[in-house]
Each structure stands twice: as structure tokens, then as C-alpha cells.
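Novice: Before we start, here is the structure in question, set down as C-alpha cells.
Derivation of every value follows stated rules applied to the coordinates shown; laboratory data play no part. Just so it is clear, the structure is predicted and the values come from calculations on it, not from any experiment. In this analysis, Cβ positions are derived from the backbone assuming ideal geometry, glycine residues included, and neighbour counts consider all displayed protein chains.
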Amino acid sequence: MVAFAKFVLPPAGEFFNNNTANAVDLTPLTQNQNEFNVRIDQNFGSKDSAWFRYSFINSTVNTSGGLPDLKTVHPIQARDWGVSYVHVFNPSLILQGQYARITVLDNSSNLFNKPTSDIISQVGFDSSFVGNFIAGYIGSLWESMSMSSFFIMASPDHQNDGLTWSA
């Protein structure tokens, strides 16, 4: 387990930030987001009208997984469409029908930025149990590894994108 701890944890450095931290995770937070909305309204004479709406969003947030070299990738893809039809029979009788559908894909994964095959064999994990789950990704997936119970997370200032922690 010492090899695992050395792989996961950065080497301790000099204390800084009023002696509350000895390492910095400089993994930046990046987000790519694309959105699109369209709506079409149509009147068919004085008694019938309809509209159609379609929206989508593709967003990917990349940030620290809680440790240096552990990256969280969080893609969100959503689609939303709706349609409405209104017919006026007379001033006291109106028919309106509506339908909408929303789909959302919201996945998140934590992936090391460095090869994990050596540490898996050193620790004694079975590579078929912890590795090669994602097509096109050669590496291993680990349960979300946050050291919040062992480290104090703090931002030294609002200009720094990194997290700091101390033992």
C-alpha cells in the first residue's frame, strides 16, 4: 500500500499558506459549452396556431479529481423539444394539446493522467477487475478518490486555480 500512496499522493513539500498546506493541485478547471435554441410559431387562420421548440446543450467540464494527476471529466449532453397546438372552437371552448421530451446524459469519470498499469500490479489488484473499461482509453478507473477526510482543502486566493491541502 506504500507504493499506492506514493503513486496517488504528491511528495510533501515545504509548508506554505501560513503553514496550512504542503502541496498544490494546479489542475485547471475548463469548460466547453455549446447551446442552441430554435422556436417556430405559426398561425393557421384565426382559430388555429402551433409552435415547435428544440434546444440542446453539450457541455464538458474538466477539473481536478481531488489529487494531482487525477482528472475529472464531466460531460453533460441534453436535448429538449416540445410542440403545442391550439384550436379555438368558440370563445368559451378552446382545445390545446402539448407534448415535450427531455433527454439528459450526465456522466462523470475520474482518470489518472499518468499510466496506472504498474501500480495496479504492484498493489495486487487484478487488471481485469480495475482496468480497460472505456473503449479507446488504456488505463484504470478508480472509485472517486477524494482525500477530503485526510487533507484540508482551501483556496489560497481567488486568483489561483489550484487547490491546496496539508497533512
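Novice: Within the stretch 1-83, list the chymotrypsin sites (Phe, Trp or Tyr not before Pro) lying in a DSSP loop whose Cβ has at most 14 other Cβ atoms in a 10 Å radius.
Specialist: Answer by residue number: 15.
Novice: Now, a different point. Full extension from residue 121 to residue 60: what is 0.36 nm times the residue separation minus their Cα-Cα distance, to one decimal in nm? Walk me through the intermediate numbers first.
Specialist: Numbers: separation 61, 0.36 × 61 = 21.96 nm, distance 3.19 nm.
18.8 nm is the gain from fully extending residue 121 to residue 60.
Novice: Go through the stretch 76-81 residue by residue and turn each phi into a ³J(HN,Hα) via Karplus (6.51, -1.76, 1.60, θ = phi - 60°); whole Hz please, and just put x for glycine and proline.
Specialist: The phi angles translate into 10, 10, 9, 10, 9, 9 Hz.
Novice: Continuing with this model, one more query. Quick query: amide H of residue 23 versus all other amide H atoms, modeled in the peptide plane; which residues come in under 5 Å with a sequence gap of 5 or more or a different chain?
Specialist: For residue 23, the qualifying residues are 165.
Novice: Roughly how many debye, to the nearest 20, is the charge dipole of the stretch 1-109 about its Cα centre, given +1 on each Lys and Arg Cβ, -1 on each Asp and Glu Cβ, and no other charges? Please report the intermediate quantities before stating the final value.
Specialist: On the way: 7 positive and 8 negative charges, 65 e Å.
Roughly 320 debye, rounded to the nearest 20.
Novice: Under 5 Å between amide hydrogens, which residues at least 5 positions from residue 64 or on another chain qualify, with H placed 1.01 Å from N in the peptide plane?
Specialist: 72
Novice: I'd like the Karplus ³J(HN,Hα) series for the stretch 35-46: coefficients 6.51, -1.76, 1.60, θ = phi - 60°, whole numbers in Hz, and an x wherever there's a Gly or Pro.
Specialist: Residue by residue, the stretch 35-46 yields 10, 8, 9, 9, 9, 10, 10, 9, 9, 10, x, 8 Hz.
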